Amino acid sequence: MSTDNLLFAKTHEWVKVEESDGAKIATVGISAHAIEALNDLVYLELPEVGKEVTAGESFGEIESVKAVSDIYAPVTGEVIAANTALPDNLDSLHEDAYDNGWIAKIKITDDSALGDLMDLAGYEKMCAEEA
Amino acid sequence: MTTEILKKTPLHDWHAANGGRMVDFTGWSMPVQYKSIIDEHNATRNAVGLFDVSHMARFRFDGDSALAFIDRLVTRKVADLKPGRIRYGLVCKEDGGILDDVLTYHLQDSSGASYVWMVVNAGNREKIAAWIEQHLPEEVTFTDHTEETAMIAVQGPQAISIAQRFIEGDISDLKYYQGREATILSHSGIVSRTGYTGEDGVELTVPAESAIAIWEALHVAASEIGGHAVGLGARDTLRLEAAMPLYGHELSEEITPIQAGLGFALSWDHDFIGKKALEAIDQDTLPVRVGLVMQDRRVPREHYLLFSEGEQVGEVTSGSQSPTLGSPIAMAYVAPQFAEEDTPLEVDVRGKRHPAKVVPLPFYKRK
């Protein structure tokens with residue numbers, strides 16, 4: 001997956017928005033930058049399919065050896081799929097945070113939060129400033 | 001953000017230039033990891049790890065009664081410590097609470113004169129220095145050598161052979177918890193067979209200005225056999241697996257040595273500060289330190305609460321994924337009736353209960 005069409009949240013989630021049967025579906029994952037910073041991943045808690053999530057609120061957790069971090073929903077909607085293969089292949093996130101590294105798909109019910117997301121250039125600039 | 005200026009060890013610039021992720025550790029800028037905590041951990045278990053432990057406080061005591069003075073200060077008898085020997089002990093308050101855990105060394109300089117060396121936790125340096133000053137007799141001289149020296153721990157099955165390459169004289173006769181002055185890469189220092197990883201190894205105390213050269217020589221030699229520089233992250237997972245307590249986690253002023261399972265560090269046949277209180281405390285009802293292994297994949301962490309049948313029965317003091325065991329482990333304090341091996345407990349991980357089991361300590365013992 002090219003990162004060109006992805007949007008990024010301040011909290012390091014990536015989002016790919018696609019139209020399907022008139023609905024907007026957001027595929028969500030964690031940025032390669034965040035994966036690298038977390039390092040040594042040991043646990044991922046996926047959101048439950050069917051769960052209603054609100055942009056900016058925690059909908060999953062990821063643990064490294066050192067710490068546990070929330071994964072925040074970048075958009076508001078309903079979780080329609082979760083990547084159940086991922087918790088047993090956390091190492092794969094280091095090679096591929098985007099294609100097979102997706103965490104959940106959310107059917108967007110309110111797209112107002114999309115305006116808060118950054119493009120890749122904006123996200124990279126934010127990461128550079130944080131470093 | 002902190003506006004406090006962090007102290008730097010003599011190896012700080014090497015860490016920063018070699019990928020060390022620098023963090024504030026009790027006022028010192030220290031590497032938490034270089035690339036991977038798990039890789040650094042495994043390198044130490046399988047080959048050799050190099051640790052900058054220069055932030056730990058190093059004190060020296062001179063005078064004929066120096067050892068007798070320290071004997072009153074620490075729970076473990078050290079008055080009979082022969083030259084070249086090192087002992088682990090605790091510094092307690094009058095009420096028996098733990099001020100710090102320390103190593104006492106009885107050393108001799110090149111002229112054969114005896115002195116006492118003490119290694120103290122970085123975060124307790126000022127507190128212990130003040131405690132010492134408060135009790136110091138006139139005839140004992142107390143000096144702090146922390147900043148004019150560096151301390152490098154070389155740990156792992158290959159540690160002795162790697163360190164030996166840079167130390168004059170054979171160190172194979174140096175037994176566990178023995179130490180002496182030595183020439184290290186032509187600099188005067190101290191070598192001791194001590195560490196905080198559960199592995200064999202030595203700790204080298206060297207002049208600050210020689211630290212980079214000695215570290216780099218060790219690092220080149222270590223890298224050739226799969227060794228690594230190791231940050232505080234893996235230092236923590238290594239000591240956790242070895243069930244070594246860490247001050248501020250398993251040890252504090254509110255915990256007694258008996259609760260911590262450190263009864264071996266109390267010598268009742270000598271007088272020390274806190275002895276009377278420790279003799280009087282009924283220890284039978286106080287929480288005790290135990291090991292936990294999680295029964296699923298959630299990682300228990302400091303301050304997570306422990307439950308049994310809905311009742312809160314304890315608290316986690318240190319926890320991590322164990323790289324060696326491949327499962328999450330913790331040390332915790334629990335009410336004594338829940339300390340029995342195989343007792344099932346539940347850990348509250350961010351609002352959800354996860355099953356754990358009490359296991360004997362340590363989690364890891366080298367073969």
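The values are calculated or read from the model by the stated rules, or taken from the named source; none is laboratory data. Quantities reported herein were computed from a predicted structural model and do not represent experimental measurements. Note: ideal-geometry Cβ built from the backbone for every residue, glycine included; neighbour counts use all protein chains shown.
Structural remarks
- Residue pairs whose Cβ atoms lie under 7 Å apart, sitting 6 or more positions apart in sequence or on different chains, and linking a residue in region A:40-56 that is within 14 Å of chain B (Cβ to nearest Cβ) to a partner that is of a type in the set (Ser, Thr, Tyr), are A:Asp40/A:Ser64; A:Asp40/B:Ser36; A:Leu41/A:Ser64; A:Val42/A:Ser64; A:Leu46/A:Thr84.
- Some residue of region B:108-123 being in contact with a Gly (Cβ under 9 Å, 6 or more places away or on another chain), assigned by TED's automatic domain parsing to the domain that holds B:Phe69 and among the charged types (D, E, K, R): no
- Qualifying residue in region B:244-261 (condition: surrounded by fewer than 17 Cβ atoms within 10 Å (Cβ to Cβ) and within 14 Å of chain A (Cβ to nearest Cβ)): no
- Sole exception among (1) within 14 Å of another protein chain (Cβ to nearest Cβ); (2) touching a Lys or Arg at 6+ places or on another chain (Cβ under 7 Å) for A:Glu78, by number: (1)
- Of all residues in region B:115-130, those that are part of a helix (DSSP H, G or I) and under 16 Å from B:Ser252 (Cβ atoms) total 5.
- Residue match in region B:328-335 (condition: within 14 Å of another protein chain (Cβ to nearest Cβ) and under 19 Å from A:Pro87 (Cβ atoms)): yes
- Residue list for region A:47-62, restricted to those being crowded, with 19+ Cβ neighbours inside 10 Å and under 22 Å from A:Asp88 (Cα atoms): A:Pro47, A:Phe59, A:Gly60, A:Ile62
- Odd one out for A:Glu19, checked against (1) closer than 17 Å to A:Ser69 by Cα; (2) not in a loop (DSSP other than H, G, I, E, B): (1)
- Some residue of region A:114-129 being small (Gly, Ala, Ser) and surrounded by 15 or more Cβ atoms within 10 Å (Cβ to Cβ): no
Residues checked against (1) outside any strand (DSSP E or B); (2) within 16 Å of B:Leu238 (Cα to Cα):
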{"site": "B:Glu4", "(1), (2)": "yes, no"}
{"site": "B:Trp14", "(1), (2)": "yes, no"}
{"site": "B:Met22", "(1), (2)": "no, no"}
{"site": "B:Ser29", "(1), (2)": "no, no"}
{"site": "B:His41", "(1), (2)": "yes, yes"}
{"site": "B:Leu50", "(1), (2)": "no, yes"}
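- Among the residues of region B:25-54, the ones that are in contact with a Ser or Thr (Cβ under 6 Å, 6 or more places away or on another chain) and farther than 30 Å from B:Lys367 by Cβ come to 1 in all.
- Scanning region B:300-312 finds no residues that are closer than 30 Å to A:Asn89 by Cβ, within 14 Å of chain A (Cβ to nearest Cβ) and in a strand (DSSP E or B).
- Which listed residue is within 14 Å of another protein chain (Cβ to nearest Cβ), out of contact with any Lys or Arg (no Cβ under 7 Å at 6 or more places or on another chain) and hydroxyl-bearing (Ser, Thr, Tyr), from A:Ser64, A:Ser2: A:Ser64
- Qualifying residue in region B:69-80 (condition: away from every other protein chain (no Cβ under 14 Å), closer than 30 Å to A:Ala37 by Cα, in contact (Cβ under 8 Å) with a residue 60 or more places away in the chain and outside any helix (DSSP H, G or I)): no
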